[in-house]
Amino acid sequence: MTRSSMMALVCALALAPLAVSTAQAQDRLKVAIGQINNWENQAPTLGQDAGIFKKHRLVLENFGTQGAGETIQPVIAGAADIGAGVGVAGVMTAFSKGAPVRILAPMFTGTGDIYWYVRADSPIKSLKEATERHTIAYSTTGSTSHNTVLAFVSDLGVKAKPTATGGPPGTFTQVMTGQIDIGWSAPPFGLQEERDGKIRIIGRGSDAASLNGQTIRVLIVNADVLKNRKDVIVRFLRAYRETIDWMYSSSDAVRMYSEKTKLPQELIRESIAKYHTLTAMQTDEMKDLDGIVRDAVKLKYIDKPLTREQLADFIQIPGR
């Protein structure tokens, strides 16, 4: 072996432990995301693409679901470490039955970011005009859209039959083919179709006054993962919060989202300003917790209010 070959071998052997150490430093987390293409649920995917989670020594395995019901189950089963975009009421139901799930942080406050619509040729002009013969969509049981539809029934006296339809694209198809009378969606999806005169928006989540000002969607974590990998979970939330700040301060975020969804940047910016304010995306405090518990009982998600001790165990938000 030549002197130069010997030196190359020595260098390679010296660097090998460093390479292994660097690879091991990247902790992996599996993240189930309800409605993965919605702007408000983009932090895990956009943050990963932008390298923010990598900076915090994390690699995310993100996968999408049709809504809260499909997001909670893999977290309970341990097939996912974290769930994103989960309706509070749905996860509260699971926790009250002993499921190993905890709230890691709030994700969205209020329900003004989702809307209900009909085909342009529908005779229905408002939610209150719907009768027992009509159907009104929500994604999955326990989701924000489900909770909001139940609030429509309870608060507004809406008579249409609540019907699970999955995510916005599938729901849109069902509305346009006449399978569902009133569809649901989350901006920016459907806004171009509204501009083109294909659909009419007849209601927003904010019409359910009892849910205004409440934390409506959360990040959840498997309880065993939180206990055994707390440092990793704290780093995840730190990276998540940093990503939210970046999403609202960098034009790169809108550009990347536009490329992913094939939607115009102008439409996305308009949608964010109207439906997805930074204030609504706060991750520090569960807003109107008393109202959340009250409505969970009223809408029959839980049989009785959670005690103070149960809430302290259920909600474990790391500080900044």
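The values are calculated or read from the model by the stated rules, or taken from the named source; none is laboratory data. Keep in mind it's a predicted model, so treat the numbers as computed, not measured. Note that each Cβ is placed from the backbone with ideal geometry, even for glycine, and that neighbours are counted across all protein chains shown. The area values use the complete protein model at the heavy-atom level, side chains included, leaving out ligands, DNA and RNA. Shrake-Rupley method; radii C 1.70, N 1.55, O 1.52, S 1.80 Å.
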Backbone N within segment 94-136 under 20 Å of label point (7 Å from residue 200 Cα along the Cβ vector):
115-136
Fully extended contour minus Cα-Cα distance, from residue 320 to residue 270, at 0.36 nm per residue:
15.0 nm
How far, in nm, would the chain grow between residue 192 and residue 77 when pulled straight, counting 0.36 nm per residue and subtracting the alpha carbon separation?
37.6 nm
Angle in degrees between helix 251-261 and the longest Cα principal axis of the chain, rounded to the nearest 10
70
Take residue 303, project a point 7 Å from its Cα along the Cβ direction, then tell me which residues of segment 97-121 have their backbone nitrogen under 20 Å from it.
97-101
For residue 230 and residue 154 in one chain, what is 0.36 nm times their gap in residues minus the Cα-Cα distance, to one decimal in nm?
23.4 nm
With unit charges on the beta carbons (Lys and Arg positive, Asp and Glu negative) and the dipole taken about the Cα centre of segment 187-320, which residue among 213, 278, 199 sits farthest to the positive side?
199
Kindly report the accessible area of the chain per residue (heavy atoms of protein chains, probe 1.4 Å, no ligands, DNA or RNA), in Å².
45
How large is the helix-only mean residue ellipticity at 222 nm for the chain, computed as the sum of -39500 (n - 2.57) over DSSP H runs with n ≥ 4, divided by its residue count, in deg cm²/dmol to the nearest 500?
-12500 deg cm²/dmol
Please list 95-106, 142-153 highest first by mean number of surrounding beta-carbon atoms within 10 Å per residue.
142-153, 95-106
Label point distance in nm, residue 59-residue 26, each placed 7 Å from Cα along Cα→Cβ:
0.4
Give me the distance between the Cα centres of segment 224-302 and segment 28-102, rounded to whole Å.
11
Measuring from its Cα centre, the chain shows a charge dipole (+1 at each Lys and Arg Cβ, -1 at each Asp and Glu Cβ) which, in debye to the nearest 20, is 420
Shape of segment 35-114 from its Cα gyration tensor (a ≥ b ≥ c, root eigenvalues): rounded if a/c is under 1.5, otherwise prolate when a/b > b/c, or oblate?
oblate
DSSP beta bridges in the chain [antiparallel fraction, %, rounded to 5]:
55
Consider a paramagnetic label point 7 Å from the Cα of residue 246 along Cα→Cβ; state which residues of segment 53-69 have an amide N under 13 Å from it.
53-60
